[in-house]
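Chemist: Just dropping this structure here.
The values are calculated or read from the model by the stated rules, or taken from the named source; none is laboratory data. Remember, it's a predicted structure, so these values are computed and weren't measured experimentally. When we count neighbours, we look across all protein chains shown, and the Cβ atoms used for this are built from the backbone with ideal geometry, even at glycine. Surface areas here come from the heavy atoms of the whole protein model, side chains and all, with no ligands, DNA or RNA. Shrake-Rupley method; radii C 1.70, N 1.55, O 1.52, S 1.80 Å.
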Amino acid sequence: MGVVPAAGFATRLQPLAGSKEALRVGGRPLLAHLLERLWLGGCTRVIVTTRPAKRDVAAIAIEGGAEVVFAEPRSVAASIVAALRNVPDGDLAVIGFPDTVWEPADALRPVVRAARERDEVILGLFPALDPTASDNVEVSRSGRVAAVVVKPERPRTRWTWGLAAARAHLLRGLEGCTEPGVFFDEAARAGRVSGLRFRGPYIDGGTNAGLSRLLNEAV
């Protein structure tokens with residue numbers, strides 16, 4: 001199943017007329033691009049967490065076949081936990097961000113396959129356009145993740161994570177965290193995180209530069 005945290009306020013962006021996830025990119029809402037990729041990746045259920053005030057996001061989610069959980073989470077991690085509240089521990093959950101567009105569109109498939117085979121977190125890794133504005137992932141040639149650093153001033157690699165897949169019982173470790181990257185770093189240092197690298201591009205609409213690129217390029 002897919003888990004989409006879409007309850008943010010887009011505080012890093014210029015004032016917007018509506019929700020960031022509802023902006024038109026390539027002729028359709030930004031959120032629709034992620035939903036398409038989650039279904040393409042094999043998800044049979046998608047849960048979107050958003051705020052009651054973000055009715056535009058809820059409408060897009062429902063139109064795209066997803067379920068909606070209304071909440072007032074204080075962090076991205078809390079938004080993910082809210083979606084997982086009634087999900088059985090053994091179910092596989094995939095986290096994707098509603099303001100991102102990435103290639104290849106079917107990148108989720110190998111990530112899900114690896115997560116099914118191992119009781120650990122699998123991260124889908126992409127080259128970051130701005131490594132200082134995203135989580136920086138230190139990964140070995142074998143794919144073992146050594147560390148995840150949240151928005152570092154001096155990034156040590158070009159890799160960021162855009163997807164994460166794991167059993168629900170592992171992702172419940174996000175409880176009490178503010179950023180998923182903090183939890184993934186702890187899990188990596190315990191030897192429970194691997195990464196699969198993709199060439200991308202990976203465009204993060206959560207930054208002004210990324211959003212401008214999405215709005216001005218055909219996707």
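Chemist: Does any residue in the stretch 90-119 that is more than 23 Å from GLY26 (Cβ to Cβ) come within less than 9 Å, Cβ to Cβ, of a residue that is acidic (Asp, Glu) six or more places away or on a different chain, and which pairs are these?
Modeler: Taking only residues 6 or more apart or on different chains, the pairs are ALA114/GLU120.
Chemist: Could you tell me whether any residue of the stretch 66-74 is aromatic (Phe, Trp, Tyr) and closer than 19 Å to GLY162 by Cα? Spell out the reasoning first.
Modeler: To start, the set of residues in the stretch 66-74 that are aromatic (Phe, Trp, Tyr) comprises 70.
Applying the additional criterion that residues be closer than 19 Å to GLY162 by Cα yields none.
Scanning the stretch 66-74 turns up no residue that is aromatic (Phe, Trp, Tyr) and closer than 19 Å to GLY162 by Cα.
Chemist: Just to verify a result, which residue in the stretch 100-109, among those that are in a loop (DSSP other than H, G, I, E, B) and in contact with a Phe, Trp or Tyr (Cβ under 8 Å, 6 or more places away or on another chain), is most open to solvent (accessible area, probe 1.4 Å)? Steps first, answer last, please.
Modeler: Initially, the stretch 100-109 is screened for residues in a loop (DSSP other than H, G, I, E, B), giving 103-107.
Retained after the next criterion (residues that are in contact with a Phe, Trp or Tyr (Cβ under 8 Å, 6 or more places away or on another chain)): 103-104, 107.
Values: GLU103: 67, PRO104: 52, ALA107: 2 Å².
Only one residue fits best here, namely GLU103.
Chemist: Here is a further query. Is there any pair with a first residue in the stretch 135-150 that is in contact (Cβ under 8 Å) with a residue 40 or more places away in the chain and within 17 Å of LEU163 (Cβ to Cβ) and a second that is among the aromatic types (Phe, Trp, Tyr) and open to solvent by less than 50 Å² (accessible area, probe 1.4 Å) whose Cβ atoms are under 8 Å apart and which are 6 or more apart or on different chains, and what are they?
Modeler: Correct list of pairs: ASP135/TRP161; ASP135/PHE184; VAL137/TRP159; VAL137/TRP161; VAL139/TRP159; VAL145/PHE184; VAL148/TRP161; VAL148/PHE184.
Chemist: Mind listing just one residue for me: the one in the stretch 25-64 that is open to solvent by 60 Å² or more (accessible area, probe 1.4 Å), part of a helix (DSSP H, G or I) and not hydrophobic (A, V, I, L, M, F, W, C) and, of those, farthest from ALA105 (Cα to Cα)?
Modeler: So the residue we want is ARG55.
Chemist: Right, here's the next one. Within the stretch 6-18, how many residues turn out to be under 20 Å from ILE95 (Cα atoms), surrounded by 13 or more Cβ atoms within 10 Å (Cβ to Cβ) and modelled with pLDDT under 90?
Modeler: Looking only at that region, the number is 2.
Chemist: Can you name the number of the only condition in (1) loosely packed, with under 14 Cβ neighbours inside 10 Å; (2) more than 22 Å from VAL87 (Cα to Cα); (3) in contact with a Lys or Arg (Cβ under 7 Å, 6 or more places away or on another chain) that GLU72 fails?
Modeler: Single failed check for GLU72: (2).
Chemist: So the check is Cβ under 7 Å with 6+ separation or different chains; which pairs have a first residue in the stretch 207-219 that's hydroxyl-bearing (Ser, Thr, Tyr) and a second one that's modelled with pLDDT of 80 or more?
Modeler: Pairs found: THR207/ASP130; THR207/ALA133.
Conditions tested, residue by residue: (1) closer than 16 Å to GLY96 by Cβ; (2) touching a helix residue (DSSP H, G or I) at 6+ places or on another chain (Cβ under 6 Å); (3) open to solvent by less than 40 Å² (accessible area, probe 1.4 Å); (4) assigned to a loop (DSSP other than H, G, I, E, B).
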{"residue": "VAL111", "(1), (2), (3), (4)": "yes, no, yes, no"}
{"residue": "PHE126", "(1), (2), (3), (4)": "yes, no, yes, no"}
{"residue": "ARG141", "(1), (2), (3), (4)": "no, no, no, yes"}
{"residue": "LYS151", "(1), (2), (3), (4)": "no, no, no, yes"}
{"residue": "PRO155", "(1), (2), (3), (4)": "no, yes, no, yes"}
{"residue": "ALA188", "(1), (2), (3), (4)": "no, no, yes, no"}
{"residue": "ILE203", "(1), (2), (3), (4)": "yes, yes, yes, no"}
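Chemist: For the stretch 174-182, does any single residue satisfy the condition of being in contact with a Phe, Trp or Tyr (Cβ under 8 Å, 6 or more places away or on another chain) and open to solvent by less than 10 Å² (accessible area, probe 1.4 Å)?
Modeler: Taking the stretch 174-182 first, the residues in contact with a Phe, Trp or Tyr (Cβ under 8 Å, 6 or more places away or on another chain) are 174, 177, 181.
Adding the requirement that they be open to solvent by less than 10 Å² (accessible area, probe 1.4 Å) leaves 174, 181.
Yes: one or more hits.
Chemist: If you don't mind, there's one more thing I want to ask. For the stretch 129-139, enumerate the residues that are surrounded by fewer than 23 Cβ atoms within 10 Å (Cβ to Cβ) and small (Gly, Ala, Ser).
Modeler: Residue satisfying the conditions is ALA133 alone.
Chemist: Have a look at ALA83, ALA164, ALA115, ALA147 and point out the one that is part of a strand (DSSP E or B), out of contact with any Asp or Glu (no Cβ under 7 Å at 6 or more places or on another chain) and open to solvent by less than 10 Å² (accessible area, probe 1.4 Å). Show your work before the answer.
Modeler: Values: ALA83 fails: part of a strand (DSSP E or B); ALA115 fails: part of a strand (DSSP E or B); ALA147 fails: out of contact with any Asp or Glu (no Cβ under 7 Å at 6 or more places or on another chain).
Every option except ALA164 fails the conditions.
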